[in-house]
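Reading through the structure tokens given below for one structure.
The values are calculated or read from the model by the stated rules, or taken from the named source; none is laboratory data. What you see is a predicted model; the values in this text were computed from it and never measured. Positions of Cβ are backbone-derived with ideal geometry, glycine not excepted, and every protein chain shown enters the neighbour counts. Keep in mind that these areas ignore ligands, DNA and RNA; they rest on the heavy atoms of the full protein, side chains included. Shrake-Rupley method; radii C 1.70, N 1.55, O 1.52, S 1.80 Å.
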Amino acid sequence: MAIEEMEALPATADLHAQPQFLGHPLGLYYIAFTEAFERFSYYGMQVLLVLYMVKQLLLPGHVEHIAGFEGFRALLAHLYGVAPGNQALSSHIFGLYTSLVYLTPIAGGFVADRWLGKTRTVTLGALLMAAGHFMMAFEFSFLTALLLLVIGVGCLKGNLATQVGFLYPPGDNRTADAFQVYYIGINVGVIVSPLVCGYLGEVVGWHWGFGAAGIGMVIGLCIYLAGRRYLPPDPARDSASRAAARRAHKPPMSRRDLQVLILLLLLLPVLAVGAIGNQELYNAYLIWADRSYDLVFFGHLMPTSFLATLDAATAMITLIGAVAFWRWYGTKWHEPDEITKIALGCFVSSLAFVLLAVAASHAAATGTKVSLWVAFAVHMINGIGFANVFPVSLALYSRAAPRAIAATIVGVYYLFLFGANTLVGWVGGWLDVMPAAQFWGLHAALIVGAGAVFVGVKLLFGRLLVPDAAAALDAL
């Protein structure tokens, strides 16, 4: 399941000042299409990254061409404590890259708020991402390309999402629908990108795939700039006195607020461990799948990167299904709280990696390839589980965070993805030194462990996190 951050913020735009389409400001559709092409470019490159490194870039005759790579290899050896082979090295690079893209949006938001404004910062991010994708087409500029992509994503990612919220006045019920439209744009880009970039990269040539990702980002930037007059204006920057007054009006944090804050912070590493399987699907899983799946489908050899499209499609289906299921469940029984759903989601997600371990063990014993039906089951089961982990945990942090620092806590929440991808980069490097069944069994065990911790939190601290917890504690 692809993970994106979205948060509705108070509006500053005048709704009556721009045309409406299907009941929403026209600017929403420009932002949604921009995001679709941005995700097309981002995931189009990401799905090729580890395959490209293992199959070509890190091989003799190619790796020597990468500018500054020996120093970078030494840095990775220092960070991870090993002198990795190609598969482990590619995993470490992937983990470092994908973890950093969840840190740089913090800096991107700071730049937008303090200096450039959201529109200029988004434009800068799109330009940097496009340059990074095009530079991926050359071996010597590989590390520079990754750096530009990390900075570009940081400038664009959060700032584009928050512009959706600024299109609507406070309390407008259409905001939730607007983010659904935005999320559709995300999923369209994620689903299509492996079909285009993955096919070009694996079948025609790696650099064609990266070039297609760059073209997608340029198209997204053109759409964004074409709709600039429909985008919400940036809010005026606060003067020091206004900022001080705003801080003065924030409610003080109670003892319970501090307890909730500590608990939410302590749960971030647990969320990171629970997400390791989902995040691994774009890293070591693709290398294992390339070796182990029977990728012939109706007589045609499918590119390995097409599995990312399968993951995105099943993720969208299972997310819709999870929402519908809990709405139906709530009409008949008491709907469980967020912590319970997260624990259940971890346990369900772990079953996908138990299935991978069994399939890998059978393939090793028989010397046969693993059926693509196993891949379908793995992505479907993980999608069902993770649909009850990521969006539910985001809802938990948004609701339970102390009001005085709610926006900050939602931003801090995404650090669990930094931790998850760092963990993936480390653990994914063990693929070539562990039996595959043991490798996937380890992922299942880690996810089950995270689920067990959530069960413990529910039993010991559940009252802190339920909506009426304050009243319950005051009554004690």
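Residue by residue, here is whether (1) closer than 30 Å to Leu465 by Cα; (2) touching a Cys at 6+ places or on another chain (Cβ under 9 Å) holds:
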{"position": "His300", "(1), (2)": "no, no"}
{"position": "Ser305", "(1), (2)": "no, yes"}
{"position": "Ala312", "(1), (2)": "no, no"}
{"position": "Ala315", "(1), (2)": "yes, no"}
{"position": "Trp333", "(1), (2)": "yes, no"}
{"position": "Pro336", "(1), (2)": "yes, no"}
{"position": "Ile339", "(1), (2)": "yes, no"}
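Wholly within region 87-203, which helices (runs of 4 or more DSSP H) include no fewer than the required count, namely at least 3 residues that are more than 30 Å from Ala387 (Cβ to Cβ) and among the hydroxyl-bearing types (Ser, Thr, Tyr)? Talk me through it step by step, then tell me what you get.
On the way: elements: 104-111, 118-135, 142-165, 174-193.
Those helices (runs of 4 or more DSSP H) span 118-135.
Run Val164 past the list (1) β-branched (Val, Ile, Thr); (2) buried (at least 22 other Cβ atoms within 10 Å of the Cβ); (3) farther than 19 Å from Gly185 by Cα and report the number of the one that doesn't hold.
Val164 satisfies all of (1) β-branched (Val, Ile, Thr); (2) buried (at least 22 other Cβ atoms within 10 Å of the Cβ); (3) farther than 19 Å from Gly185 by Cα except (3).
I'd like to check something: does region 321-330 contain any residue that is crowded, with 22+ Cβ neighbours inside 10 Å and in contact (Cβ under 8 Å) with a residue 12 or more places away in the chain?
No, region 321-330 has no match at all.
How many residues are of a type in the set (Phe, Trp, Tyr) and under 22 Å from the mean Cα position of the chain (by Cα) if we restrict to region 108-149?
Looking only at that region, the number is 1.
Any residue in region 423-439 that is within 20 Å of Thr104 (Cα to Cα), touching a helix residue (DSSP H, G or I) at 6+ places or on another chain (Cβ under 7 Å), part of a helix (DSSP H, G or I) and of a type in the set (Gly, Ala, Ser)?
Within region 423-439, one or more residues are within 20 Å of Thr104 (Cα to Cα), touching a helix residue (DSSP H, G or I) at 6+ places or on another chain (Cβ under 7 Å), part of a helix (DSSP H, G or I) and of a type in the set (Gly, Ala, Ser).
For region 445-462, give me each residue that is open to solvent by 10 Å² or more (accessible area, probe 1.4 Å) and among the aliphatic types (A, V, I, L, M).
Within region 445-462, Ala445, Leu446, Val448, Ala452, Val453, Val455, Val457, Leu459, Leu460 meet the criteria.
Which of the residues that make up region 63-85 are surrounded by fewer than 16 Cβ atoms within 10 Å (Cβ to Cβ) and assigned to a helix (DSSP H, G or I)?
Glu64, His65, Glu70, Gly71, Ala74, Leu75, Ala77, His78, Leu79
For every residue, the table says whether it meets (1) buried (at least 22 other Cβ atoms within 10 Å of the Cβ); (2) out of contact with any helix residue (DSSP H, G or I) (no Cβ under 9 Å at 6 or more places or on another chain); (3) under 30 Å from Arg291 (Cα atoms).
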| residue | (1), (2), (3) |
| --- | --- |
| Leu22 | no, no, no |
| Phe33 | no, no, no |
| Ala36 | yes, no, no |
| Gly44 | yes, no, yes |
| Val50 | yes, no, yes |
| Gly61 | no, yes, yes |
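Taking the criterion of being among the polar types (S, T, N, Q), within 26 Å of Thr318 (Cβ to Cβ) and open to solvent by less than 40 Å² (accessible area, probe 1.4 Å), would at least one residue in region 361-381 satisfy it?
no
Here is a list: Gly132, Gly117, Gly95, Gly152. Which entry is open to solvent by less than 10 Å² (accessible area, probe 1.4 Å) and at positive phi?
Gly117
Quick one: which helices (runs of 4 or more DSSP H) sit completely within region 208-299 and have at least 3 residues that are surrounded by 14 or more Cβ atoms within 10 Å (Cβ to Cβ) and at pLDDT 90 or above?
By residue number, 255-274, 276-280, 284-292.
Outside any loop (DSSP other than H, G, I, E, B), of a type in the set (S, T, N, Q) and out of contact with any helix residue (DSSP H, G or I) (no Cβ under 7 Å at 6 or more places or on another chain): is that true of Thr309 in this structure? It would help to see each step written out before you state the result.
Numbers: outside any loop (DSSP other than H, G, I, E, B): yes; of a type in the set (S, T, N, Q): yes; out of contact with any helix residue (DSSP H, G or I) (no Cβ under 7 Å at 6 or more places or on another chain): no.
Considered against the rule, which asks whether it is outside any loop (DSSP other than H, G, I, E, B), of a type in the set (S, T, N, Q) and out of contact with any helix residue (DSSP H, G or I) (no Cβ under 7 Å at 6 or more places or on another chain), Thr309 comes out as no.
Residues checked against (1) surrounded by fewer than 22 Cβ atoms within 10 Å (Cβ to Cβ); (2) over 30 Å from Arg291 (Cα atoms):
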position	(1), (2)
Val389	no, no
Leu396	yes, yes
Pro402	yes, yes
Ile405	yes, yes
Val412	yes, yes
Asn421	no, no
Gly428	no, no
Pro435	yes, no
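Going through region 48-92 one residue at a time, which ones are at positive phi and free of Cβ contacts under 8 Å to residues at least 60 places away in the same chain?
Result: Gly61, Gly81.
I'd like the full set of residues that are without any contact (Cβ under 8 Å) to a residue 40 or more places away in the chain and open to solvent by 40 Å² or more (accessible area, probe 1.4 Å), limited to region 331-359.
Thr331, Lys332, Trp333, His334, Glu335, Leu355 - these are the residues of region 331-359 that are without any contact (Cβ under 8 Å) to a residue 40 or more places away in the chain and open to solvent by 40 Å² or more (accessible area, probe 1.4 Å).
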